[in-house]
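Here the structure is laid out as structure tokens; the discussion comes afterwards.
The values are calculated or read from the model by the stated rules, or taken from the named source; none is laboratory data. Since the structure is predicted, the reported quantities are computational estimates derived from the model, not experimental observations. So basically every Cβ, Gly included, is an ideal-geometry build from the backbone, and we count neighbours across all protein chains shown.
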Amino acid sequence: MSTTLSPEFTLGAAEQLTCAHCGLEAASGDTRVSAGAVYCCAGCETAASIIKQSGLGGFYALPERRPVRVSASGRSYVEFDHEAFAAAHVRYAADGLAEATFYLEGVHCASCVWLVERMPMIVPGAVRAELDVTRAVARLAWDPQQVALSALAQALDQLGYPPHPFRGLRADEVRKAEERKQLTRIGVAAAIAGNVMTIALALYSGVFSGMEREFERYFRWLSFVLVTPAIIWPGRVFFTSAWQALKNKRLHMDVPIALALAVGYVQGAVNTLRDNGPIYFDAVATLIFLLLVGRFLQHRAQRGAADSAALLGALAPVTARLVDGDTVKEVPTEAILPGMLLEVRPGDTLAADGVVERGHSSLDLALLTGESRPVSIREGEQVFAGTVNLSAPLRVRVEEAGITSRLGRLLRDVEEGARERPSVVLLADRIAGHFIAVILVLAVVTAGIWWKTDMYFAIDSAIALLVVTCPCALAIATPMAFTVAVGRAATRGILIKGAHSLETLTGRGIIFLDKTGTLTEGRMVLEAYDGPSELRPWVLALEKTSRHPVASAFAAAWPDVSAMEPELVEETLGGGLEGRVAGHSLVVGRPEWVLARTAAVSEEVQSLSVLEARLTPVLIALDGVVVARAGFGDPLRPSAKRLISQLGAAGWEVRLLSGDAPSVVQAVASTLGIPASQAEGGASPERKRAAVAAAREHGAVVMVGDGVNDAAAIAGATVGIAVRGGAEASMAAADVYLARGGVEALPELMAGAKRTTNVIHRNMVVALGYNAIGVTMAMMGIIDPLFAAVLMPLGSVTVILATWRARTFTAEAT
Amino acid sequence: MSVLFVLVPLAILLVAIFVGAYVWSSRSGQFDDLTTPAMRAVHDDEGVSVPPQPPEAR
């Protein structure tokens, strides 16, 4: 195993340094050099040193590694060692080992499995780590005598996988048990169907080549014996479901299926006993198997949505620091009540809503509002659970805690949004009700027509009609087309979860787009600089001391300018930076704040035209004179404008719904050609959900977003779409996840949805066409039940072949 | 051809054994996660002191 990192330390064609850990361009962040390797950020440097020290350099040779920057939270995770945490989340095994389940952020590929499961080599005392990569859930086992859970959590965090206790364990186990049951049923049905089919093959060929009577009877009895368990075990679900529907006086797809199964089985059994007439056991067994597969695929597609609320809950902290007289003690979040006083240190996540009693700091509100800029907070101001304290300790008087806090209400909103989502009745289900009624009437009519001629012939014809019209093709048309489309879409970076989404996306309606991170790139970029270029090293001198987004935007914009050495830099929250560089005083910050510290503004700056409204202005003053101006903005993605016109052309009404300042949102709307009345800024998560709910009264609503603040709206929309780079909670709440970044894949999704729906419609025409022919022939008395049993699967086979051939999501198709 | 009267029930007995094995493996959770084990297989076992256990049978 190679422990050197040199192969990854490469100079690109454009003399661009790449990070030795993540492989991304290193010059854009705050570049670090250590032990002969270059890193893009402190996170990657730490992760690489852990990997190296643990002798895991083989990580860098893994072929499936994907370039993702390490984003460690840097938390201490001391609350994981608290008794209250252990009581809620840790299980102790008989051999003295402790075990807990965590949800990990940042898990994305096979290399993550490799690294996470090597925890025993990274942290002595860790015994076992097991990661489920599709759900990003890890089970850890460790020896509590040797290592504290917080140390394990810290190591995971430093490797770029911040852990959160997995709270939905109970629900998860219920769902797993259900899935296992379904799989068991499918397997049993498959084995029986295969064997009954083989026997049927012998019987059918016996019809043509001649077969001794005793063998024929033997094989008929064998299929009867084999098919019986298929009816009473895997097939039972259709009978219970049909019975439920009839009890509620409704007709759905399971009613004709149960009817066809029952008629086929009973008639086959009778014919076996009286040793005459066709048996339908092969058709019955195959039908059960195919329908179970279709149902399982649909169930699998929908399971993701159930995770969303549990996931969001995992983001809230587990404990808080309670101020009790002169001492501060840690208590579990559940014990916090309104009126208590909490201490919130830098790096802590607030556990409850309240008012700041003492302290002055900046908060990261991204979880709640989606705003990426830190917000300055002082005494008397309201703060919310789920936000992160960034710079200085705060004392907060609790007003709302637990489920009544704003985060708690947001969680409930996501759950409710998902529950009250309009159930889109799929075309197949709408047709099914009418279809059954028509078939039953026709069967009675057929029996009536022939009754006077010949009673047995009447019964045979009615049964033939029921068998030939068994809605097998109709029932698999939708799941089959959907499953094939989903598989193809996934290879194009579009992950589709809800079956109804494709049918909705072909229609017209209202589409809400989030701005930050969805239409824009979601990061601050220096877009305008008016001032002397000699000043740039001076500005960088001040900015390199700061962690503010403006500082990193300056550094990213001027990668080839080397910063000077600053003296005495002071940062004012919500203002800017002031300090001395090479003996001169320099001030960089918000216009009002800078102007209050300067005596004059240079003529060049005075003569500048007003900055674009969507940009955030920053002034730079040297020795008391404002000499330069800079404008920062969140640049639009290059494809945004084309996307808006494409959506408009496809008949969608495009609206902007953003948590950002209204003036910024309006400016973006006018750039994109969206009318001002259709763009709403300053929207809270609650407002977003309400806007989506209100719009739903006019028809289908699509919500496209990326943040936790969009999660409730995404869950409540007819179709929710999450874009890459967003919060994991919004992904879990969404029906569609665009993994290619931004909204570029949206037109492709719409086009693919249209083609998929066309395939479904074509399938239904084929299925109904077969049935129409079969019904006519059965009513005319042309086909007997045996011929019906042969004809029936033909419709299904045609549907399956046609679906497989159809191009729904392909590279050429766009 | 009367050997069929012996062979077919034998074949069905075999089917029953395999179905039983399948039901056991499905119920004990071996099909819960079909993605990760495939990724695990291509890695060497180096560094995993205890091989990952299947989730406890239920």
Inside the range A:603-623, can you point out the residues that are assigned to a helix (DSSP H, G or I) and either surrounded by 13 or more Cβ atoms within 10 Å (Cβ to Cβ) or of a type in the set (G, A, S) (or both)? A:E604, A:V605
Just to check your reading of the model, which residue among A:E79, A:E45 is part of a helix (DSSP H, G or I), of a type outside the set (S, T, Y) and without any contact (Cβ under 8 Å) to a residue 40 or more places away in the chain? A:E45
Considering only the range A:26-45, I want to know if a residue exists there that is within 20 Å of A:Q154 (Cβ to Cβ), at pLDDT 75 or above, surrounded by 14 or more Cβ atoms within 10 Å (Cβ to Cβ) and small (G, A, S). yes
Residue in the range A:225-249 that is surrounded by the most Cβ atoms within 10 Å (Cβ to Cβ), counting only those that are among the aromatic types (F, W, Y) and free of Cβ contacts under 8 Å to residues at least 40 places away in the same chain: A:F239
Filter pass, A:A88 being part of a helix (DSSP H, G or I), more than 14 Å from chain B (Cβ to nearest Cβ) and under 27 Å from the mean Cα position of the chain (by Cα): yes
Scan the range A:244-277 for residues that are part of a helix (DSSP H, G or I) and charged (D, E, K, R) and jot them down. A:K247, A:D254
Do we find that A:T506 is at pLDDT 80 or above and farther than 30 Å from A:G583 by Cβ in this structure? yes
Just give me the residues in the range B:3-58 being in a loop (DSSP other than H, G, I, E, B), more than 7 Å from chain A (Cβ to nearest Cβ) and at pLDDT 85 or above, in sequence order. B:V3, B:S28, B:Q30
Specify the residue that is farthest from the chain's Cα centre (by Cα); the eligible residues are those in the range A:138-161 that are surrounded by fewer than 17 Cβ atoms within 10 Å (Cβ to Cβ) and within 14 Å of chain B (Cβ to nearest Cβ). A:Q146
Scan the range A:117-137 for residues that are more than 10 Å from chain B (Cβ to nearest Cβ) and either within 20 Å of A:F59 (Cα to Cα) or under 27 Å from the mean Cα position of the chain (by Cα) (or both) and report the count. 3
Among (1) assigned to a helix (DSSP H, G or I); (2) more than 13 Å from every other protein chain (Cβ to nearest Cβ), A:H164 falls short only on (1)
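Tally time: how many residues in the range A:661-692 are within 23 Å of the chain's Cα centre (by Cα) and either buried (at least 18 other Cβ atoms within 10 Å of the Cβ) or outside any helix (DSSP H, G or I) (or both)?
Pass one, the range A:661-692, residues within 23 Å of the chain's Cα centre (by Cα): A:683-692.
Keeping just the survivors that are either buried (at least 18 other Cβ atoms within 10 Å of the Cβ) or outside any helix (DSSP H, G or I) (or both) gives A:683-685, A:688-689, A:691-692.
Total satisfying the criteria: 7.
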So, in the range A:784-814, how many residues would count as being over 24 Å from A:L505 (Cα atoms) and modelled with pLDDT under 75? 14
For the range A:214-224, give me each residue that is surrounded by fewer than 14 Cβ atoms within 10 Å (Cβ to Cβ) and either free of Cβ contacts under 8 Å to residues at least 40 places away in the same chain or away from chain B (no Cβ under 13 Å) (or both). A:E214
Would a scan of the range A:197-213 turn up a residue that is within 14 Å of chain B (Cβ to nearest Cβ), of a type in the set (K, R) and under 30 Å from A:F224 (Cα atoms)? yes
So A:E99, is it of a type in the set (D, E), over 20 Å from the mean Cα position of the chain (by Cα), surrounded by 15 or more Cβ atoms within 10 Å (Cβ to Cβ) and within 11 Å of another protein chain (Cβ to nearest Cβ): yes
